[in-house]
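Asker: Dumping the structure here so I can ask a few things about it.
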C-alpha cells in the first residue's frame, strides 16, 4: 500500500502501510467527504489478512464540529461490517466532540 494524500486545505489526510489514517487540521462538514473517501480507499487497498485494526490518528486535528463524531461512527460501522477493530487516537477537540450529547 502506498501513501495516499488528500491535501485540501485546511485538512491533510494520509493513509499509510500500517493501516493508519492520519488526519490533521480541521475535521468538519466541509472535510467530511474527503474523510469518507479516505476510509473507502483504505478498504480498497487494504485487502490483507494480516490487518485486523484500522487506526484513526486524529491527534493532530486542531478543530472539529459535530461531523467529527459522525465520521468516527461512520468508520466504526464500516470496520464492524468487515470484522475489523477501530482504534481512535483523538486530539482534545475530537475528545470533546465525541463526548458531547
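The values are calculated or read from the model by the stated rules, or taken from the named source; none is laboratory data. Values in this document were obtained by computation on a predicted structure and should not be read as measured data. Every residue, glycine among them, receives a Cβ derived from its backbone with ideal geometry; neighbour counts consider all protein chains shown.
Asker: When the residues of region 41-73 are narrowed to those that are within 13 Å of residue 98 (Cα to Cα) and part of a helix (DSSP H, G or I), which ends up farthest from the chain's Cα centre (by Cα)?
Answerer: Going through the qualifying residues, I end up with 66.
Asker: Considering each of 67, 85 in turn, give the residue that is in contact with a strand residue (DSSP E or B) (Cβ under 8 Å, 6 or more places away or on another chain) and within 18 Å of residue 26 (Cα to Cα).
Answerer: The unique qualifying residue is 67.
Asker: Step by step: first the residues of region 1-40, then only those that are modelled with pLDDT under 65 and part of a strand (DSSP E or B), then the one that is farthest from residue 94 (Cα to Cα). Which residue is that?
Answerer: 4
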